[in-house]
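Working notes, beginning with the structure itself.
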There are 2 protein chains.
Amino acid sequence: MPADAVLVGGGGPAGMEAARGVADLGSRAVLVELRDRLGGTPDSASYSSFTLDRRKATEVLDAARAQVQSNPLIDVRLQTRLTAFEGGAGDFRATLTNIKGETSSVECASVVVATGFDHFDPGRETQMYGYYEYEDVITLVDAERMFSAGKFVRPSTGEPPKQVCFIQCVGSRDRRIGNDYCSKVCCGISSKQAIEVKELVPDCKVFVFYIDMRMYGFWENEIYWKAQEEHRVNFVRGIVTEIIRKGDRLLVKGEDTTMGRPMEVAMDVVILAVGMEPSRGTREVAKVLGVAQDRFGFIAPPENAFDTVATSVPGIFVAGAAAGPKDLDDSISMAGAAAMKAVAMARRLALASG
Amino acid sequence: MPADAVLVGGGGPAGMEAARGVADLGSRAVLVELRDRLGGTPDSASYSSFTLDRRKATEVLDAARAQVQSNPLIDVRLQTRLTAFEGGAGDFRATLTNIKGETSSVECASVVVATGFDHFDPGRETQMYGYYEYEDVITLVDAERMFSAGKFVRPSTGEPPKQVCFIQCVGSRDRRIGNDYCSKVCCGISSKQAIEVKELVPDCKVFVFYIDMRMYGFWENEIYWKAQEEHRVNFVRGIVTEIIRKGDRLLVKGEDTTMGRPMEVAMDVVILAVGMEPSRGTREVAKVLGVAQDRFGFIAPPENAFDTVATSVPGIFVAGAAAGPKDLDDSISMAGAAAMKAVAMARRLALASG
């Protein structure tokens, strides 16, 4: 008898949605997650709210987690990794190894890879922004954590800041470090966070130093304009070349590229808009599954423009940021599509083999 | 006995993919299309190739059309519109009317709306670009049609142009005309077309006048950089305020906003990057189905960030540009997700009603 289960790798938003979709269609899903609970990076990094609609991340993730965990058709395996894989579409055999070193074998008809992304480590970029040097240089992720706690302060003093800036494209659009691509979501997240800073510290002046703001689709009118007009966030096209300490503040040096003149502005907090990289899980799973990766390490996109979730191996599909920079909507839509294709293929092959 | 079919409204890329997905899961789809053949706007407007990978549009659409038309589970109704609709999820009854005025009734469990978009009509924008006045002012759509015919010439002379420019954001990001939103795809399409112009007319100088280039994700490294570096396309941040005739050429007047100085450049062809608006079909279908629309007329997005294809009516889902500006990948992923949810709901309700 052919296997009918779908193996889902990764328990973040895309993985949970894929597993839920598989179960919704009446098939069994085995959901494998390395961490000790579901939710993925938005959960482990304590995101406060999502772009575009600013729904609380914990509410959204708690609801998804509850649905997945209570679904009798979904077998959740936490603190577990994929360690071996063989067979062909309709008849794969996966070896799973948990944190105790116990292995188990799972037969599955198809696979959805939803192993997500890692945040770029700003220490790698020659330290030009001083992330590991100055307490008040933080990342979007550190800021989310503060918003989750309902506050926004200078880490060095615990006091509300008077002047804050975001620096865009840290670890993205940068050939020197090999990340040529744009990470797609950072412009939107920074603009959302700029509004959040202004709501928590209304007197604070907030600047966003950008190369260009990629507020595609409804992000423009729903976030960018609100940030500009209702919250008086200052968007400055500029390149930051150096951050140094001056007294108890940070001096941000660079060039205002619209005016073509040098700038030096004192800041209390500098927020680095770090981009997306393939997660360690994505690199690891790609090797075990034998699916092609692009030169950055993301799961290689299919050549067929009419298939957004195919990989180089028939029967193995991909959803979310494992395939490159994606926003939450991309990830959720891809997860639904991947669930559909994974179940359809399983059933087709089961019928064919009688 | 409850209905089990899924009604799919719209036979473009998203509608074809949704119908194919429904059938792939073993359910019946009724695919309703107003035009006399499947393919949607990319087909009726004679697109040459798709962004990002420049696959030939006819190849992609022909393959999808063949798959849909030969699938015994898909009932294709061309030159047909939805004229009445009643019932609830799992038990809808749709009235379809064809071009001859003949009506038929279809029972369906769920619906996928994939009624796409219309191109912005550049005549509406106070005629400032002279689209209906000058033969050599064309749109992205007109340019695609020329590329499909394997040529790129000045419409007024039939000769290869020496100097060509694209003007971005025509009908998008414009509050005066009520289209506040960014149309998401035009920056990418213009950059792709700029490469195509250079390939067909290597000596031609090509300019792109932009507000900012929204080359999100892989569009940056795969298209924008190639256009800049391999094809020497000139991207100029600028605002065009007027186009006038000068001799047998067009004089483009405006401001280079990086340098902060006025510009006047002679062009042989001006290509307007027109944005997306809700299609007439989307407006019509939304009313008949009773689903909520946003203030632009697109099908209103769901409030739940974990559901990208829900509408205000349970059992009715949306895919593609009917829900707002989308690229082809968005549309295809949403269509797969919508197919999954439409079939899952149909089966769940069928099981519940015994």
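The values are calculated or read from the model by the stated rules, or taken from the named source; none is laboratory data. Nothing here was measured: the structure is a model prediction, and the numbers come from that model. Reconstructed Cβ throughout: ideal geometry from the backbone, glycine too, with neighbour counts over all protein chains shown. SASA here: full protein model, heavy atoms, side chains in, ligands and nucleic acids out. Shrake-Rupley method; radii C 1.70, N 1.55, O 1.52, S 1.80 Å.
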Over segment A:248-289, with a single point scatterer placed on each C-alpha, what log10 of the ratio I(q)/I(0) does the Debye formula yield at q = 0.15, 0.19, 0.31, 0.34 1/Å? -0.60, -0.70, -1.01, -1.05
If we hang a label 7 Å off Cα along the beta carbon direction at A:E255, how far is it from the matching labels on the other copies, in nm, shortest first? 2.2
Could you pull out every residue, at least 5 positions away or on a different chain, whose amide H is within less than 5 Å of the one on B:V8? Hs are placed 1.01 Å off N in the peptide plane, and Pro or chain starts have none. B:V30, B:L31, B:V32, B:V112
Cα long-axis angle, helix A:13-24 against chain A (0 to 90 degrees, to the nearest 10): 30 degrees
For segment A:290-303, in order, what is each residue's ³J(HN,Hα) by Karplus, 6.51 cos²θ - 1.76 cosθ + 1.60 with θ = phi - 60°, in whole Hz (x at glycine and Pro)? x, 8, 5, 10, 7, 5, 8, x, 5, 5, 5, x, x, 6
Taking Cα atoms only, helix A:186-200 is inclined relative to the longest principal axis of chain A by an angle, in degrees rounded to 10, of 60 degrees
Mind listing the label-point distances from B:K100 to the same position on all other copies, shortest first, one decimal in nm, points 7 Å along Cα→Cβ? 7.1
GluC sites (Glu not before Pro) restricted to segment B:246-354 and DSSP loop, no more than 15 other C-beta within 10 Å: B:E303
Residues of segment B:185-227 losing 20 Å² or more of accessible area relative to the isolated chain, 1.4 Å probe, heavy atoms only? B:D212, B:M213, B:R214, B:Y216, B:G217, B:F218, B:E220, B:N221, B:W225
Using only Cα atoms, figure out Rg for segment A:1-124 and give it as a multiple of 2.2 N^0.38 Å. 1.11
Please list 3J(HN,Hα) in residue order for segment B:237-248, calculated via the Karplus relation 6.51 cos²θ - 1.76 cosθ + 1.60 where θ = phi - 60°; whole Hz, with x for glycine and proline. 6, x, 10, 8, 10, 7, 10, 10, 7, 9, x, 9
How fast does chain B diffuse by Stokes-Einstein, in µm²/s, taking the Kirkwood radius from C-alpha pairs at 37 °C and 0.692 mPa s? 154 µm²/s
Between B:E264 and A:S104, Cβ-based FRET efficiency (R0 60 Å, step 0.05) works out to 0.25
Please give the charge dipole size of the protein assembly as shown, origin at the Cα centre, charges +1 on K and R Cβ atoms and -1 on D and E Cβ atoms. Round to the nearest 20 debye. 140 debye
Table column - 3J(HN,Hα) (Hz), segment B:270-283, Karplus curve with 6.51, -1.76, 1.60, x for Gly and Pro: 10, 10, 8, 7, 6, x, 9, 10, x, 6, 4, x, 5, 4
Test of understanding: express the Cα radius of gyration of segment B:184-330 as a ratio to 2.2 N^0.38 Å, with N the residue count. 1.33
Counting only protein heavy atoms and rolling a 1.4 Å probe, one gets per residue an accessible area for the protein assembly as shown in Å² of 39 Å²
Computed on protein heavy atoms with a 1.4 Å probe, what is the summed buried accessible area for the chain pair A and B, in Å² to the nearest 100? 4800 Å²
Place +1 on the Cβ of every Lys and Arg and -1 on the Cβ of every Asp and Glu in chain A, take the dipole about the Cα centre, and give the residue among A:L78, A:A63, A:S191 whose Cα lies farthest towards its positive end. A:L78
Considering the protein assembly as shown, what Rg and Dmax in Å follow from its alpha-carbon atoms? 25.7, 81
Assume the label is 7 Å from Cα along Cα to beta carbon: what separations in nm does B:L73 have to the matching positions in the other copies? 1.4
Selection of GluC sites (Glu not before Pro), segment A:100-208, meeting DSSP coil and at most 14 other Cβ within 10 Å: A:E102, A:E133, A:E135
